[in-house]
1. Could you work out how far apart the two model spin labels at D43 and Q15 are, taking each label as a point 7 Å from the Cα in the direction of the beta carbon, and quote it in nm?
2. For the chain, which whole-number percentage of the solvent-accessible area (1.4 Å probe, protein heavy atoms only) is attributable to carbon and sulfur atoms?
3. What is the magnitude of the charge dipole of the chain about its Cα centre, with +1 placed on the Cβ of each Lys and Arg, -1 on the Cβ of each Asp and Glu, and no other charges, expressed in debye to the nearest 20?
4. Roughly how many Å is it from the Cα centre of the stretch 30-47 to that of the stretch 58-110, as a whole number?
5. To make sure I understand the rule: partners must be aspartates and glutamates, Cα under 17 Å from the Cα of K23, and not fewer than 8 residues away in the same chain. Which ones qualify?
6. Give me a comma-separated list of calculated 3J(HN,Hα) values for the stretch 8-13, in order, Karplus coefficients 6.51, -1.76, 1.60 applied at θ = phi - 60°, integers in Hz, x for any Gly or Pro.
7. Helix 84-109: angle to the longest alpha-carbon principal axis of the chain, degrees 0 to 90, nearest 10?
8. Provide the net charge surrounding I55, with neighbours chosen by a C-beta distance below 9 Å and charges set as Lys +1, Arg +1, Asp -1, Glu -1.
Amino acid sequence: LKSDVVPASTAQALQVLKAIEPKVYRRTDLQDDSTRLGFIAQDLEASLPPEWANIVGHTGAVGEHLDDQGNTVPAKPSTLTLDYARLNCVLWECTRSLLARLEALERRLQ
């Protein structure tokens, strides 16, 4: 099911880790006014290497239309989305890199 399999770049994973910081924000499109912890999709989109573009997706835009009762439903623009499960791969590679560095330091100390 998969071809052209190559390891993810540790250097690129570390660049993304360094470039992106979590944010606390309120969603303006929801009735819930509570704060949320997460990432800004535009920040990730700008920092990801092209081969990792599948981390950022988007919802489809919906034009203004009438519902089944004839009421006008306002248009909704397309919004960016994040695949947090795929972000785990970035964090995994960063953690592997840190583990290798830690093990190398521990070997030097012995």
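1. 1.9
2. Values: 4910 of 9010 Å².
In the chain, the share of accessible area belonging to carbon and sulfur is 54 percent.
3. Details: 12 positive and 15 negative charges, 137 e Å.
That gives a dipole near 660 debye.
4. Cα centroid of the stretch 30-47 versus Cα centroid of the stretch 58-110: 10 Å apart.
5. Candidates past the 8-residue exclusion: D33, D43, E45, D83.
6. 5, 6, 4, 4, 5, 4
7. 20
8. Details: positive: R86; negative: E45, D83.
Net charge around I55: -1.
The values are calculated or read from the model by the stated rules, or taken from the named source; none is laboratory data. Keep in mind that what you see is a predicted model, and the values were worked out from it rather than measured. Glycine gets a Cβ as well: all are built from the backbone with ideal geometry, and neighbour counts include every protein chain shown. These area figures cover heavy atoms from the full protein model, side chains too; ligands, DNA and RNA do not enter into them. Shrake-Rupley method; radii C 1.70, N 1.55, O 1.52, S 1.80 Å.
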